[in-house]
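Working notes, beginning with the structure itself.
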Amino acid sequence: MREKKGFTLIEITIVGAFAALLVVLFFIQKANVDAMNRDDDRKTAINAMYYALEEYYYPKYGYYPSEISEEVLPVIDPQLFTDPFGTNIGIDGSTYYYEPANCNSENQCKEYILRAQLEKESTYIKKGKK
């Protein structure tokens, strides 16, 4: 009897299925890592806004603004007001939220909450200290 060289159809199918499984696992992990990186970017942006409000705005004016933007907080990078999907804070669909509280008729507020809707964790929240 003659020996045949090469792989059987079953062997090729098993190797192909294993390779497909590895590709699927790679893309699932890549999606998770990308989402965690976007969450880190959101936390960085919220922290920058928080410290700009606490260290720059409040000491200068004695109150918090009724809304925030690059004009109100010129001390931070303007790109930080845009979430990872390209939507600015205060615009519908943004994953960033600024919620002023205890505001008077001149839009001078005593409190605020900054929020970032995260993909892999619960909502990230920073509250005003004053």
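The values are calculated or read from the model by the stated rules, or taken from the named source; none is laboratory data. What you see is a predicted model; the values in this text were computed from it and never measured. Glycine gets a Cβ as well: all are built from the backbone with ideal geometry, and neighbour counts include every protein chain shown. Just so you know, the surface numbers come from the protein's heavy atoms only, side chains and all, with ligands and any DNA or RNA stripped out. Shrake-Rupley method; radii C 1.70, N 1.55, O 1.52, S 1.80 Å.
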> Is it true that LYS120 is of a type in the set (Lys, Arg), open to solvent by 40 Å² or more (accessible area, probe 1.4 Å), in contact with a Phe, Trp or Tyr (Cβ under 8 Å, 6 or more places away or on another chain) and in contact (Cβ under 8 Å) with a residue 40 or more places away in the chain?
Replying inline: no
>> What's the total number of residues in segment 35-66 that are surrounded by 12 or more Cβ atoms within 10 Å (Cβ to Cβ) and in a loop (DSSP other than H, G, I, E, B)?
In response: 2
>> Take ASN32 and tell me if it is surrounded by 13 or more Cβ atoms within 10 Å (Cβ to Cβ), of a type outside the set (D, E, K, R) and either without any contact (Cβ under 8 Å) to a residue 40 or more places away in the chain or out of contact with any Phe, Trp or Tyr (no Cβ under 9 Å at 6 or more places or on another chain) (or both).
In response: no
> Given GLU11, GLU70, which one is modelled with pLDDT under 95 and closer than 27 Å to GLN117 by Cβ?
Replying inline: GLU70
> Just one of the numbered conditions (1) open to solvent by less than 50 Å² (accessible area, probe 1.4 Å); (2) free of Cβ contacts under 8 Å to residues at least 12 places away in the same chain; (3) within 30 Å of LYS129 (Cα to Cα); (4) not β-branched (Val, Ile, Thr) is not true of GLY16; which one?
Replying inline: (3)
>> Among the residues in segment 118-129, are any modelled with pLDDT under 95 and among the aliphatic types (A, V, I, L, M)?
In response: no
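Can you list the strands (runs of 3 or more DSSP E) lying wholly within segment 85-130 that have 2 or more residues being under 12 Å from the mean Cα position of the chain (by Cα) and not β-branched (Val, Ile, Thr)?
Details: elements: 96-103, 108-116, 124-127.
Because the criterion is at least 2 residues that are under 12 Å from the mean Cα position of the chain (by Cα) and not β-branched (Val, Ile, Thr), the strands (runs of 3 or more DSSP E) in segment 85-130 that meet it are 96-103, 108-116.
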